[in-house]
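In what follows, a single structure is set out as structure tokens and then discussed.
The values are calculated or read from the model by the stated rules, or taken from the named source; none is laboratory data. Computed from a predicted structure; not experimentally measured. Because the Cβ atoms are built from the backbone with ideal geometry, glycine has one as well, and the counts that use them run over all protein chains shown.
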Amino acid sequence: MTHHFGMEQGFENSPMAKLLREYGSQDLESWGLSMEMKVQVIIETEELGPEMILDRGLERSVRIPRYHLTTIEWDRIQSAVTELQIFIQQAAKLIEEWQNHFLVDPGNTLLPILARTSSLFGQMNTAWKALCL
């Protein structure tokens, strides 16, 4: 018989159940949305809309990337990605058999592109779609 850490009092009282409740509970400090809802909003946004992107225009310095997410969008997405990664890491620690876990932004490659890029369609939209997968 296999022993599962934290299951001594049943699943409802286990660390994993507590973590899942936290994932679905409302966060009053962060737009009043649960982590689950934050992730759902990102996943359901299939395309970056013009209201989500700032264009610095052609008159900017050549060294400054042309496009970036609005501050509101950037804060929302960065927060959701960071929080989701923490949840995944916490869940992985609770499962003894897991040696690896999913990375939301592998190699920290997607968020930097969403923060600043000179390629709206080639990089920014591709990074967004990869994040939403």
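Of the residues that make up the range 94-106, is at least one assigned to a helix (DSSP H, G or I), within 20 Å of MET37 (Cα to Cα) and modelled with pLDDT of 90 or more? Within the range 94-106, not a single residue is assigned to a helix (DSSP H, G or I), within 20 Å of MET37 (Cα to Cα) and modelled with pLDDT of 90 or more. Among the residues making up the range 111-133, those that are hydrophobic (A, V, I, L, M, F, W, C) and touching a residue at least 24 places away in the same chain (Cβ under 8 Å) are LEU111, LEU114, ALA115, LEU120, MET124, TRP128, LEU131, CYS132. Put simply, of LEU54, LEU69 the only residue that is touching a helix residue (DSSP H, G or I) at 6+ places or on another chain (Cβ under 6 Å) and either on the phi < 0 side of the Ramachandran plot or loosely packed, with under 15 Cβ neighbours inside 10 Å (or both) is LEU69.
So that you can scan it fast, the table gives a plain yes or no per residue for (1) outside any helix (DSSP H, G or I); (2) surrounded by 17 or more Cβ atoms within 10 Å (Cβ to Cβ); (3) more than 18 Å from the chain's Cα centre (by Cα); (4) of a type outside the set (Asp, Glu):
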site: MET37; (1), (2), (3), (4): no, no, no, yes
site: ILE43; (1), (2), (3), (4): no, no, no, yes
site: ASP75; (1), (2), (3), (4): no, no, no, no
site: LEU84; (1), (2), (3), (4): no, yes, no, yes
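Scanning the range 68-87 for residues that are free of Cβ contacts under 8 Å to residues at least 24 places away in the same chain and β-branched (Val, Ile, Thr) gives THR70, THR71, ILE72, THR82, ILE86.
When we screen THR109, THR82 for residues that are closer than 28 Å to MET16 by Cα and at pLDDT 90 or above, the only hit is THR82.
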